[in-house]
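**Student:** Before anything else, here's the structure in question.
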Amino acid sequence: MHNHSKSYLFAVLTILFWSTVASAFKIALKQATIPQVLFIASATSFIILGLILPFLGFKKVLKQSRQDLLRSAVLGFLNPFAYYIILFKAYSLLPAQVAQPLNQIWPLTLAFLAVPILNQKLPKSTLTSLIVCFTGVVIIASQGEVRIFNQSNPWGVALALSSSIVWSLYWLVNVKDNRHFAVKLFTNFGFSTAYLLILSSFQKDFYTFSIEGIFSSIYIGVFEMGISFLFWMKALELAKSAAKIGLMVYLVPFISLIFIHLIVGEQIRTTTLVGLSIVVLGLLYQQKDQLLKKE
C-alpha cells in the first residue's frame, strides 16, 4: 500500500472513531462527574501512549529537557485538562447535536489567534467566514426558536464556543515544539492526569464509579484521544496534501449526528443540519486558498 493510500486509511479510521465520541460523552456524563470521566480518559490515553513508546524509542522521553517538560506542563493543562472540562460541561448542558457542531468552529478561532501569537496576517476570507459561521451557530443554538435561547442553554453555548479557543491555543503553542508527536502526547497526558489527581482531592466520592461510566470513559480515552491522535498525526505525515486530508475532519459532525440519533436517541432537528452545513461552508471558504493549492 502506497503512503498516500495509507494516509487515507488512517484518516478514515480516525474520522470513524471521532464520530462516535459525542455519543460516548453523553453516556459517560450520565454515569459520572466531569472530573471522573476526564481522569479515566486521560489516564487511559497516558497508558496507551506509554505502551506504544517503547517501539518508537522510550529514551526520547527520558532525554526531554527542562524546557520540554515545562512546555508539556502548559500543553497538558490546555489539553486535555482545561479543554475537556469546558467541553464536557457544555455537553452536560446541551443536546449532543448542539454541542458537537458548535465546537467545530476552532479552525476560525485558530486563524484569529495566529495573528497575535504567530504574527500571521489575517486573510480577508476569514472575516467573511466569521459572518457565515456565526449565522450557522445562531441557527444551531436556536433549534428553530425565534428567541435563540428558548431551546439551548446560553451558558452551554458559550462553553461550547469557548472550548475552541482553548483548543486553538493548544495547537498554536504546539507549533514550536519539535519533539516527536508521541513523546509530546505522552508527556502532556501525564501532566493532565496529575492535574486531575490533584483535583480529585477536592471532589467528594471521586473514586466511586459505575461500570458503564468506567467503560464509556475508557472508550473516550482510547478513541477520542490516544489512538485517534496518533492515527491522525500519521495520516497527515503520510499525505501528499495535508490540507486535503484535513478536509475529512468536516465529515465528523455529520456522521456524529447519525450516532447521536441511533445511540443517544436524540431526534436530529432540521435546524441542526442547516446550521452545521452553513458553519462547514464558512470554514471551507476560510481555507479555500490553501485547499486550491496543487499537491
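No value in this document is a laboratory result; all are computed from the given coordinates. If you're wondering where the values come from, they're calculated on a predicted model, not measured in any experiment. With ideal geometry, Cβ positions are generated from the backbone for all residues, glycine too; neighbour counts draw on all protein chains shown.
**Student:** Just to be sure I understand the curve: with the Debye formula and one point per C-alpha of the chain, what is log10 I(q)/I(0) at q = 0.11, 0.15 Å⁻¹?
**Tutor:** Rounded to two decimals, the profile gives -0.67, -1.30.
**Student:** Then there's this: What number in nm² do you get for segment 48-207 if you take the convex hull of its Cα atoms and divide its surface by four?
**Tutor:** Dividing the Cα hull surface by four gives the mean projection, 12.2 nm².
**Student:** Something else: What percent do you get for the relative contact order of the chain when only Cα pairs under 8 Å and 6+ apart count?
**Tutor:** Computed value for the chain: 43 percent relative contact order.
**Student:** Report the extension gain between ILE198 and LYS6 in nm, rounded to one decimal, defined as 0.36 nm multiplied by the number of residues separating them, less their alpha carbon distance.
**Tutor:** Additional length available on full extension: 65.1 nm.
**Student:** Which of the helices in the chain, when you take each full DSSP H run, stretch at least 30 Å along the axis at their Cα atoms and have an average Kyte-Doolittle score of 1.6 or higher?
**Tutor:** 34-56
**Student:** Over 32 Å between Cα atoms: which of LYS6/LYS124; LYS26/LYS121; LYS63/LYS121; LYS184/LYS240; LYS63/LYS234; LYS6/LYS288 fall into that group?
**Tutor:** LYS6/LYS124; LYS26/LYS121; LYS63/LYS121
**Student:** In addition: Multiply the residue gap between GLN267 and VAL175 by 0.36 nm, knock off their C-alpha separation, and tell me the result in nm, one decimal place.
**Tutor:** My answer for the length gained is 29.2 nm.
**Student:** Mind checking the dipole of segment 3-291: about its Cα centre, +1 per Lys or Arg Cβ, -1 per Asp or Glu Cβ, Debye to the nearest 20?
**Tutor:** 740
**Student:** Order the peptides 25-31, 115-121, 129-135, 172-178 from the highest to the lowest mean number of other Cβ atoms within 10 Å of their residues.
**Tutor:** 25-31, 129-135, 172-178, 115-121
**Student:** Taking +1 at the Cβ of each Lys and Arg and -1 at the Cβ of each Asp and Glu, which of PHE181, GLN67, VAL249 sits farthest along the dipole of the chain towards its positive end, judged by Cα position relative to the Cα centre?
**Tutor:** GLN67
**Student:** Next up: Tell me what the chain gives for mean residue ellipticity at 222 nm when only DSSP H runs of n ≥ 4 count, each as -39,500 (n - 2.57), the sum divided by the residue total, rounded to 500 deg cm²/dmol.
**Tutor:** Estimated from H runs of four or more residues: -23000 deg cm²/dmol.
**Student:** In debye, nearest 20: dipole of segment 56-138 around its Cα centre with unit charges on the Cβ of K, R (+) and D, E (-)?
**Tutor:** Once rounded to the nearest 20, the dipole reads 400 debye.
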